[in-house]
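First up is the structure itself, then whatever we jot down about it.
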Amino acid sequence: MTSFVPVEEPIPRPPDDLEALLPTSAARVRARRGAELARSILSNPTTVAGLVLVLALMAMALLAPVITEPNSPDPAQMPRDWGAIAVPPGSPDHILGTTNTGGDVFYGVVWGSRTSLRLSILVVSITVTVGVIVGSVAGFVGGRVDEVLMRIVDVFLSIPELIFALAIAAVLGPAFRNIILALAVVFWVKYARIMRGQVITVKQNDYVDAARVIGDSPVRIFAKDVLPNAITPVVVQATMDMGNIVLIGATLSFIGLAEAGLAEWGVLVAEGQAGISSGRWWASTFPGLMVFLWALGFNLVGDGMRDVLDPRTEKAR
Amino acid sequence: MRGHDTVISVQDLKVHFQAKAGVVEAVDGVSFDVREGETLGLVGETGCGKSVTARSFLGLVPSPPALPPQGSIRFRHRGEGSVVDLLRLDAADMGRIRGNQIAMIFQDPGKALNPALTVRDQLGEVFAIHRSAEVLEGAGVGPDDHDFADHLIRRAARLRSRLLERLLLALPPWRSRRANLHAATDDLVVKALAETQIPNPANILGRYPHELSGGMKQRVMIAQALACNPDVLIADEPTTALDVTVQARIVQLIADLQDRHDTSVLYISHDLSLVRRICDRIAVMYAGRIVEIGPAEEVFNHPKHPYTRGLLAAIPSMASEKGELEAIEGTVPELIDPDPGCRFVDRCPHASDMCRADDPSLGAVAPDHAVSCFGYHPIGGSELTAPSVIGEDGHSE
Amino acid sequence: MTASQASEPAGAATPATREMADDPDTTGDEDVLLSVRNVAKHFPIREGVMQRVTGQVRAVDGVSFDLRRGTTLGLVGESGCGKTTLGRVVAGLETPTSGGVYLHDSTGHSPAGLGSVSIDRLQGRAARYFRRNCQMVFQDSFSSLNPRHLVRDIVGRPLKVHKEASGTELTERVVELLEQVGLGRQHLYRFPHQFSGGQRQRISIARALALDPEMIVLDEPTSALDVSVQAQILNLLHRLQTERGLTYLFITHDLAVVRHMASEIVVMYLGRVAEAGPTEALFADPIHPYTRALLRSSPDVAGAGDATMQGLEGNVPDPARPPMGCRFHTRCEVATPACGWEIDDVINRLEDVPGMFDELVGVERRSRFDADLVFDDDTSAHRLADALEGAEVPVSMTAAIETVSVRERAVSIRFREVPEVTLTVRGGGRRAACVLED
């Protein structure tokens, strides 16, 4: 056994007998590496805390119909109990109290997570797909194509995100669907930029030239050499944006760009806002807290992933 | 033969690093002297500890991950004659020695020079810190001048001006004094650059490092390092990134300046062919230890240690036969909690049980020429005499 | 205009050019595997918002040579001389601006007449033939192996791409290849970062061998390695060449290494061939002053310890505006009046003289050899005219001036017009681009 000894940075070698016991098929080596990665991600307690938070919130979103009885006919609308207006938290019918208009805060908090999950998944999947495609084409093809695409991106980037989204949502009219659309239109440019930069960097590696010398096709070179080595920062950013988008979405619905009475955190905060000055803090605080926890959870996970997945630190390990 | 007075004496230097998997013994018991006016070559392959050794002279090994170094590096002040241990200096004392008595030049001048400073500012800083007296003299401020303007200029010369003082210096009554100061600094900078044979140095004063070629940057760095006429210059692979035609000129330049100022040079390199041309003595390092040290011609013409021999045989030469080179088989051992014994044992064609059990120390094989190999210094017995293990002129028998 | 390349139609039936045709040793030779003919590679310099092309960096500017089957040709020169770009053109990674690279099969004709087609655009049979037979090993073994691929996938990839093997058969072929480069089955399922620099370079070599090519372009394959590892890799390359009859294009800046490996050498300077010939003759008796400068600058481990290393004065000129005549004349110690002295040299030589061009207001060029330098006062004009005869400029430059006259504030200078110095045959299979006789 003479291998496994990088001269620059000696890394520990497992004992020979252990090495002999290990499986030697590609799939299992990959699985082992995946497990190693997962282990190092999970070795950071703050990441684990974020992960627990995220899983709990997702569970809440998925189990919403089980936790509270869905409002009919439209479960996305808050149920109104006109007999219990501005009830403080702790009452048997309304654990977290009600709003000025008799909306159940607990229902809003639970079903709001469902709305948020839908929002973040839709927006992130649309923007990542569009951004990665545009960024990849610009970076990999280069030349004129790159010039044109990047000028378009520049136009989008020159307008502040929130104001741009606000303008689009305002033009399209107050509806939650339009918030999703507005955020999708605004957010893809970020991914396009990250991806383009990554692709250009990765493209300069000799292994891309080595693949060309072998005679592999550009499409396969992109799929095997460029994309896997370029995508990590996008994945990290997307994870964090799962949280950030809910924050911005709530902001937009707070200022009234969603349907009134929607079971959504921003709408609920807005509804409860009037009561804060007269001591009825609960209707705004609980959904506000949820937005905070949601954003925090995804950002902690994203941070932890970045520490482990960053190609620079990865190579050194 | 140059003088034999020792400037720096390294005794049993150990620099270990804390890694996740254990302690990396990067430098492990290195001892050697740097003599006055000589060029000592410290050679070895990647990871042998040559750079770490040199960096610990100036306290430039980042800690952590490095553990506190052990042993001593005793430096004798040429002017004052006092002796200090460089490993035990506090930051302020080290700051005074760094640049003043011991200077260092690096492999990558692009990284060692501040990209935001012009050549003038880069070198001016050195004069402000270490040679402000000369700057002030040039600016017409003597040690006995004590009026307000002198005070202002004196602080400006040491780059200690506060904001208010700077504003005052921009006003008409003091402006001309400030101009004098700048002119005096420029004069010194130009002189320092001229020493490195930069043609018309006044032309490059306003340039930034990125506007200079690699060879030119290296010259600026040398000018900066030698500005204070140091006793010792540590050169860490200064020409590795340069083309051979430029390397030849830089090396010649260092040698000329060294002769003129009687500086000792510790020249770190992986390039044995180069080191042979420029060094008086050579220390060969392997896996954190010195395996052989001696006069350059001795080491090259009569290499003793099997590693030195292997290394020399592995280098293709203009004179060598074509065909197979004698490569040293195997790879460098791990330095995490290494086994006892000679670190070259796994790759050595002459290894014996003794080499595995015990660690050979440096012992003289000729005047001024020492080797750490049991082939020459068997402990206890004499059954292994030198000729029986390793022949005199480099071939095993 | 520089005397130009590409006077030959690309893809001509006989690849020989005027330059090469003079040399009977290298034309119509059945032993020739690869012919490089008048290859130029220029990179456009773009400026401004509109990305207008404002100039061309002439990285490679008209290079021709032949590579004989089973031999090693060393391509040497300093950074910026174009050797790496030329290697990339030969490997099909760059499209030559003009000229062609021809790979011949054993009958001596070229099945893959590359012309000036990028390897990416080569079609069908020609592309496959070229790819199978011309592979490349890169300098940086960190960067040349995909960090996410296992050794089996890296070495087996050429076989997969060319549909030679898959599954267990692929694995076995990879094991064979690994064993040939001194690695083994136990290394199959490891990632590149688990290997040392020397081992990674072995993996690169195994990948290059996978398609059993006729030739390999080796771009500084050992420059990043320690000497003891370098010796292992050089030995490996040597053994593979003997066993498989491989042909190498060995690109390096290290003269000792190239002397050890190559039977023929091409020395490049600023995009052109300065000198070419058999290794022994070239090292024993270099013709071109640049080759001589390189040789005396390179320290040799066996050389005497007190031999001086002289090096070269000055910087490499801008490759976007290469000097006229012989490109080396600006730094040459034995330059003659016939070497191509031009107006640019006046400015370059004298710009370090304090105050010489402070009053210069304009240069009116009639050609690169002939111009008026207009000053603000006539003292400066006279000063320049005097300096042209003085010690600040080389004697050969002064001698190359046909007329110099001062009219009021303008200095009119005309140098002798000199054609580009091309390679000439010097006997013994040697060629050199120098006006001096041997």
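The numbers here are math on the coordinates, done by the rules we state, and not lab data. Because the structure is predicted, anything quoted here is derived from the model rather than measured. Here Cβ is always computed from backbone atoms with ideal geometry, including for glycine, and neighbour counts include all displayed protein chains.
Quote the FRET efficiency, to the nearest 0.05, computed for C:GLU408 versus B:ALA133 with a Förster distance R0 of 60 Å and r equal to the Cβ-Cβ distance.
Values: r = 51 Å, r/R0 = 0.85.
Once the sixth-power term is evaluated, E becomes 0.70.
Would you calculate the volume per residue, in Å³, of the smallest convex hull containing every Cα atom of chain C?
177
In chain B, the longest principal axis of the Cα atoms and the axis of helix B:244-261 are about 70 degrees apart.
So how far, in whole Å, is the C-alpha centre of the range C:65-96 from the one of the range C:173-211? Computed from Cα coordinates, the inter-centre distance equals 25 Å.
Build a GNM of chain B with springs between Cα atoms under 10 Å apart, and of B:ALA370, B:ALA227, B:ALA183 the one that fluctuates most is B:ALA183. For B:GLY41, the amide hydrogen comes within under 5 Å of the amide hydrogens of B:TYR267, B:ASP280, B:ARG281, B:ILE282, B:ALA283, counting only partners 5 or more places away or on other chains and with H modelled in the peptide plane. Its Cα centre serving as origin, chain A has a Cβ charge dipole (Lys and Arg +1, Asp and Glu -1) of approximately 540 debye. The fraction of Cα-Cα pairs per 20 angstrom bin, counted from 0 for the protein assembly as shown, comes to 10, 30, 35, 20, 5, 0 percent, rounded to whole percents. Helix B:172-195 axis versus longest C-alpha principal axis of chain B: approximately 30°, rounded to the nearest ten. Taking every C-alpha pair closer than 8 Å and separated by at least 6 residues, the mean separation divided by the residue count of chain B gives a relative contact order of 20 percent. Computed about the Cα centre, the dipole magnitude for the protein assembly as shown is approximately 3600 debye when only Lys and Arg (+1) and Asp and Glu (-1) carry charge, each at its Cβ. The mean sequence separation of alpha-carbon pairs under 8 Å and at least six residues apart, normalised by the residue count of the range C:362-438, gives a relative contact order of 27 percent.
Decide, for chain A, between rounded, prolate and oblate: order the square roots of the alpha carbon gyration tensor eigenvalues as a ≥ b ≥ c, take rounded if a/c falls under 1.5, and otherwise choose prolate if a/b is larger than b/c, else oblate. Before the final figure, lay out each step's value.
Working: a/c = 3.14, a/b = 1.68, b/c = 1.87.
In terms of gyration-tensor shape, oblate.
Below 20 Å, Cα to Cα, which lysines can B:LYS217 reach? Residues fewer than 8 away in the same chain don't count. Counting by Cα, and skipping residues close in sequence, B:LYS217 has these lysines nearby: B:LYS111, B:LYS191.
Where in chain C are the DSSP H helices whose alpha-carbon span along the long axis reaches 15 Å or more and whose Kyte-Doolittle mean is at least -0.5? The answer, listed by residue number, is C:151-161, C:167-180, C:197-209, C:227-244.
Taking the Cβ-Cβ separation of A:GLN204 and A:ASP303 as r and a Förster radius of 35 Å, what is the calculated FRET efficiency to the nearest 0.05? Each step should come with its number before you reach the end.
Working: r = 28 Å, r/R0 = 0.79.
E(calc), rounded to 0.05, equals 0.80.
Backbone phi angles across the range B:207-220, fed through the Karplus curve with coefficients 6.51, -1.76 and 1.60 (θ = phi - 60°), yield HN-Hα couplings of 8, 9, x, 5, 8, 10, 6, x, x, 5, 4, 5, 5, 4 Hz in residue order; Gly and Pro are listed as x. Could you tell me whether the range A:58-145 comes out rounded, prolate or oblate from its Cα gyration tensor? Rule is a ≥ b ≥ c as square roots of the eigenvalues, rounded for a/c under 1.5, then prolate if a/b exceeds b/c, otherwise oblate. In terms of gyration-tensor shape, prolate.
Remark: for residue pairs A:LYS190/C:LYS163; A:LYS203/C:LYS160; A:LYS203/B:LYS20; A:LYS224/B:LYS20, the C-alpha separation exceeds 29 Å in A:LYS190/C:LYS163; A:LYS203/B:LYS20; A:LYS224/B:LYS20. Based on every Cα atom in the range B:73-171, Rg and the maximum pairwise Cα distance Dmax equal 16.8, 50 Å.
Work out the FRET efficiency for C:GLU169 and C:HIS193 from their Cβ-Cβ distance, taking R0 = 30 Å, and round it to the nearest 0.05.
Numbers: r = 28 Å, r/R0 = 0.92.
The computed FRET efficiency comes out at 0.60.
Computed from Cα atoms, the angle from the helix B:119-130 axis to the main principal axis of chain B rounds to 90 degrees.
Largest mean-square fluctuation among C:PRO221, C:PRO192, C:PRO147, in a Gaussian network model of chain C whose springs join Cα atoms under 10 Å apart, belongs to C:PRO147. Sequentially through the range B:73-80, phi angles give Karplus couplings (6.51, -1.76, 1.60; θ = phi - 60°) of 10, 8, 10, 9, 4, 5, x, 8 Hz, Gly and Pro residues having no value and appearing as x.
Rounded if a/c is under 1.5, else prolate if a/b is larger than b/c, else oblate: which is the range B:1-158, with a ≥ b ≥ c the root eigenvalues of its Cα gyration tensor? Verdict is prolate for the range B:1-158. Can you list the DSSP H helices in chain A whose Cα atoms extend at least 20 Å along the helix axis and whose mean Kyte-Doolittle hydropathy is -0.5 or higher? Going by DSSP H runs, the hits are A:26-42, A:45-62, A:105-141, A:143-157, A:176-203, A:232-254, A:282-309.
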